[in-house]
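**Student:** Structure below; questions to follow.
Read-outs throughout are calculated quantities, based only on the coordinates presented, and are distinct from any laboratory measurement. If you're wondering where the values come from, they're calculated on a predicted model, not measured in any experiment. Note: ideal-geometry Cβ built from the backbone for every residue, glycine included; neighbour counts use all protein chains shown.
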Amino acid sequence: MFGRYTLNNFSISLENFRAEIKKFDNTYIYLREGSERVEKAILGDAVEIVVNPVEPVNLPKNITNYLMIEFRRKILLEPGREDYFYVTFPIEIGVFVVKSKEVGLVDIFSFLKPKYTLYGNPDQGVICRYWLSEVYDRIPELDKVREGIVELRITNQSEKWVEISKVVFDVYTMHIYYNDRMSFASAYMKVLSSKLAEAEFLESSFEGERSIELYTTKAFQVVGRKFVMEWGI
């Protein structure tokens, strides 16, 4: 499903889902059918269609740029220790038109029903896309159109054992890579105390294509990279 297509050969289908582009006279029509119907006209020549995983905070509409991944199994980390493990993240799929360096968003869809939650207190907390993940010591086999993998490197800079149950990210700096097997991202979490941590996405050396990122197509100015988790870890 992920990859590059021409206007004349774009057609993807899975289960009861189908997306395709058909030409009528001088107009190309993008049509998606499944849980909902989306139809758009594409007026352009010699453009490329790119389908790739995108930052998972856009559906049913863009209400936050924060992603919370809760761990099904809590992590106990000794003082001063640095380690890594793998967690999953939900997949949303973007369809783009590309010509030269110019990119336009055609559609976003997912095979998952999104959930949202509040991190922090009602007055100062933030709304987050919510995701519950297993914790893995190696990369698992997953349904690549529904789940991606985050390699999470974590360090405990406090002087005490800490128990970690979740991580919260700002996805405006999320870099997703993909190949035929999976979607992948790298991240880092620095634990400062039993209730305070910093988390951020990183560049990755993963072998694959780098996704077109939605925050760059929307011309967002990213000021900071780290999310400070001040309401518990």
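**Student:** For SER193, list long-range residues whose amide hydrogen, built 1.01 Å from N in the peptide plane, is under 5 Å from its own amide hydrogen.
**Tutor:** Those qualifying (amide H under 5 Å, at least 5 residues apart or on another chain) number zero.
**Student:** Sticking with this structure for a sec: Quick one: of LYS22/LYS115; LYS144/LYS226; LYS23/LYS113; LYS166/LYS190; LYS144/LYS195; LYS115/LYS190, which pairs are farther than 22 Å apart, Cα to Cα?
**Tutor:** Beyond 22 Å between Cα atoms: LYS22/LYS115; LYS144/LYS226; LYS23/LYS113; LYS144/LYS195; LYS115/LYS190.
**Student:** Under Stokes-Einstein, with the Kirkwood radius over Cα pairs standing in for Rh, what whole-number D in µm²/s applies to segment 114-198 at 4 °C and 1.567 mPa s?
**Tutor:** 87 µm²/s
**Student:** GluC sites (Glu not before Pro), restricted to segment 89-145: which are DSSP loop and have at most 10 other Cβ atoms within 10 Å?
**Tutor:** For GluC sites (Glu not before Pro) across segment 89-145 that sit outside H, G, I, E and B with at most 10 neighbouring Cβ atoms in 10 Å, the list reads GLU141.
**Student:** Next question. What does DSSP give for segment 3-229 in terms of the percent of beta bridges that are antiparallel, rounded to the nearest 5?
**Tutor:** Of all bridge pairs located within segment 3-229, approximately 85 percent are antiparallel.
**Student:** Calculated from DSSP H runs of 4 or more alone, at -39500 (n - 2.57) each and per residue, what is the 222 nm mean residue ellipticity of the chain, nearest 500?
**Tutor:** Counting only the DSSP helices, I get 0 deg cm²/dmol.
**Student:** Once both labels are modelled 7 Å past Cα along the beta-carbon direction, what's the ARG153-LEU132 spacing in nm?
**Tutor:** About 3.1 nm, to one decimal.
**Student:** Evaluate Rg over Rh across the chain, taking Cα atoms for both radii and Kirkwood's formula for Rh.
**Tutor:** Reported Rg/Rh (Cα atoms, Kirkwood Rh): 1.01.
**Student:** Now, a different point. Answer rounded, prolate or oblate for segment 73-117, using the Cα gyration tensor with square roots of eigenvalues a ≥ b ≥ c: rounded when a/c is under 1.5, else prolate when a/b is larger than b/c, else oblate.
**Tutor:** In terms of gyration-tensor shape, oblate.
**Student:** Return the long-range amide H neighbours of VAL54 (sequence gap of 5 or more, or a different chain), with a cut-off of under 5 Å between placed amide H atoms.
**Tutor:** Distant-sequence amide H within range of VAL54: GLU92, ILE93, GLY94.
**Student:** For the chain, what relative contact order do you get, as a whole percent, if you take Cα pairs closer than 8 Å and at least 6 residues apart?
**Tutor:** Averaging sequence separation for qualifying contacts and normalising by length gives 19 percent for the chain.
**Student:** Something else now. Let a ≥ b ≥ c be the square roots of the eigenvalues of the Cα gyration tensor of segment 5-44; is it rounded (a/c under 1.5), or, if not, prolate (a/b larger than b/c) or oblate?
**Tutor:** Taking the square roots of the gyration eigenvalues as a ≥ b ≥ c, segment 5-44 is oblate.
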